[in-house]
Each structure stands twice: as structure tokens, then as C-alpha cells.
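Here is the structure we will look at.
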């Protein structure tokens, strides 16, 4: 199945963390900025952590479970970025590209989840290939 770090949505999730780190370091050391920074870092790093943890399991249902959790963390990240925009003047220009990248990660995760679910359902429906022995009773002739 390969290394999780090769997954494009994992790489993009890591980029979101890097961009958030850069953004948060530019903020003043106010209580509000520190709290938003802490929440942003926690939620954004959780996306990649869930991808990595789920990938280590390599079993359909369990892997999908972790991938389903990751967009929830990405949505939380989106919330905190929008909160930062609301209370930190001048943040919108820097935060908007991060919001867009984070949304892209969510879309990619959703597509992967749907693909994995479809493959899992396809495997459940498929019948094992086997030969059928049909005996014809010729005694009625």
C-alpha cells in the first residue's frame, strides 16, 4: 500500500500545518492569539496524524474510520482560521490561502473515503470464482 507520507492529501495536510505555524508566529503574544494558535496547531496536526495512524492499520474499515476523522479535524482548523480572521485585523489575506488548501485536503480525503468504500462494497458483492458441478439425471429417459 506504500508509505503514508507519499499520499498527496497527507503532504498537503502537512503544508497546512507549516502555513499555520508561520501565520501564528506573526501574531502578537495576546491571550486570544495564543489560544487560537494552540487550537489551530492541535486541530491541523490531527489531520495528518489520523491519516498516518489509519494508514498503519491497512484494513479497509479501520483505515476508512481514521480517514473519516481527519476531515473533522480539518473542519475544526477551518473554524479556528475563520475565528482568527474575525478577531485579528489583517489576518484574512494570510489565512484565506490556508483555508483554501485545507478545503482541498478535505475534498481529497472525501474522494479517497468514497473510493475505498466503493472498493470495499465491490469486494463484498463479488462472488468467489468456483466451478459448479451439475449432475444430469439421465434415468428419466
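Any read-out appearing in this document is the output of simple, stated calculations on the displayed coordinates, not a laboratory observation. No experiment lies behind these values; they were computed from the predicted model shown. Virtual Cβ from ideal backbone geometry, glycine too; neighbours counted across all protein chains shown.
Structure summary
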quantity: 82, 14 arranged by Cβ crowding within 10 Å, fewest neighbours leading; calculated: 82, 14
quantity: The stretch 4-124 - percent relative contact order, Cα under 8 Å, separation 6 or more; calculated: 31
quantity: Taking 9, 41 and counting other C-beta atoms within 10 Å, the order from fewest to most; calculated: 41, 9
quantity: Sorted by Cβ density within 10 Å, fewest first, the residues 25, 12; calculated: 25, 12
quantity: Gain on full stretching of the segment that runs from residue 118 to residue 82 - 0.36 nm per residue minus C-alpha separation; calculated: 9.6 nm
quantity: Modelled FRET efficiency - R0 22 Å, residue 30 with residue 99, Cβ distances, 0.05 increments; calculated: 0.50
quantity: Contour excess over end-to-end distance, with Cα ends at residue 107 and residue 21 and 0.36 nm allotted per residue; calculated: 28.7 nm
